[in-house]
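First up is the structure itself, then whatever we jot down about it.
The values are calculated or read from the model by the stated rules, or taken from the named source; none is laboratory data. Remember, predicted model here, so these are calculated numbers, not experimental data. A quick note on method: Cβ atoms are made from the backbone with ideal geometry, for glycine too, and the neighbour counts reach across all protein chains shown. The area values use the complete protein model at the heavy-atom level, side chains included, leaving out ligands, DNA and RNA. Shrake-Rupley method; radii C 1.70, N 1.55, O 1.52, S 1.80 Å.
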Amino acid sequence: MKKELKINEAADFLGINPDTLRRWERIEKIKPLNPGVGNHRKYDFLQLEDFLLKNIDYFANKWINDDSSNPPNNLFYCPDSYIFQGRIHKLEKELKGAGFDINLIFLVLAVVGEIGNNSFDHNIGKWSQVVGIFFAYDLEKREIFLIDKGQGIFSSLKKVIPNLPNDFVALEKAFTEVISGRSPESRGNGLKFVKNVVIDSKISLYFQSGQACLILNNKNKEVKIKKAKKYFRGCLAKINF
């Protein structure tokens with residue numbers, strides 16, 4: 001990638017249109033290298049990259065609401081489990097470098113690894129739009145996003161529980177019941193492990209699939225399924241620690 005980008009190149013890198021980038025300039029969210037020279041203005045690539053990493057909630061929600069088959073920015077995109085595992089190792093190094101408690105690091109990595117691996121294990125040949133997952137984190141805000149546009153919990157579990165009625169029952173079973181079935185169909189067992197880790201630690205989890213969502217932490221230990229504000233076919237996890 002070039003060190004300096006033109007306005008259209010910068011907008012493409014951020015996944016936005018040039019008008020949005022100009023609006024962000026006006027409110028000083030992003031500053032060009034040479035302001036006030038129209039479409040000839042230039043942007044520093046490292047500044048744009050830093051902006052992405054400090055606004056992962058915005059770009060996570062933007063990708064969730066993108067109905068196209070476009071993958072997320074490469075900074076957040078794990079097209080396969082090999083790249084995902086590499087980025088987990090990167091996260092581990094950064095958590096240790098930031099001085100987080102080693103026990104908390106172990107638990108965070110366990111939750112992240114289980115949720116991310118679930119996405120790859122249970123969507124083989126079943127990705128609805130984009131193969132792979134969105135994986136991003138902000139250590140200052142202590143938040144991590146894991147998002148896939150796969151088949152979702154309901155469709156996955158229905159293979160081993162044919163009479164499963166809806167997203168709500170599917171999500172509850174995924175987090176509370178040991179589900180028999182050959183791998184990769186036995187999706188719920190990994191999420192039950194995630195639940196047990198979360199409720200016994202300082203980790204908070206928001207998880208959504210389809211119309212159903214839940215919030216878990218050491219104060220909300222009971223699995224209570226609610227209706228999400230907006231339908232999302234795949235799986236969306238936000239982890240705070």
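Some observations on this one:
- Lysines with Cα under 29 Å of residue 3, excluding same-chain neighbours fewer than 8 positions away: 29, 31, 42, 54, 62, 90, 93, 141
- 0 to 90° range, to nearest 10: angle between helix 188-199 axis and the chain longest Cα axis: 70 degrees
- Mean projected area (nm²) of the alpha-carbon convex hull when the range 1-135 is viewed from all directions: 9.7 nm²
- Correct choice for Cα Rg over 2.2 N^0.38 Å that was computed from the model, options (i) 0.92; (ii) 1.09; (iii) 0.97: (ii)
- Computed over neighbours whose Cβ is under 14 Å from that of residue 65, the net charge equals +2, Lys and Arg +1, Asp and Glu -1.
- Extension gain from residue 27 to residue 128, taking 0.36 nm per residue of separation minus the Cα-Cα distance: 32.7 nm
- Neighbour-limited loop hits for trypsin sites (Lys or Arg not before Pro), the range 205-241 (at most 14 other Cβ within 10 Å; DSSP other than H, G, I, E, B): 219, 221, 224
- Within the chain, longest stretch clear of exposed GluC sites (Glu not before Pro) (DSSP loop, no more than 15 other Cβ within 10 Å): 29-139
- Length gained on full extension, residue 67 to residue 217, computed as 0.36 nm times the residue gap minus the Cα-Cα distance: 50.9 nm.
- Accessible surface, the range 24-133, averaged per residue in Å² (probe 1.4 Å): 54 Å²
- Global form of the range 4-54, assessed from the alpha-carbon gyration tensor, a/c cut-off 1.5: rounded
- Computed with a 1.4 Å probe on the full set of protein chains, the accessible area for residue 231 sits at about 130 Å².
- For the set 63, 127, solvent exposure ranked by accessible area (probe 1.4 Å, protein chains only) runs largest to smallest as 127, 63.
- The calculated 222 nm mean residue ellipticity attributable to helices in the chain amounts to -13000 deg cm²/dmol, summing -39500 (n - 2.57) over DSSP H runs of n ≥ 4 and dividing by all residues.
- With contacts taken as Cα pairs under 8 Å and at least 6 residues apart, the chain reaches a relative contact order of 15 percent.
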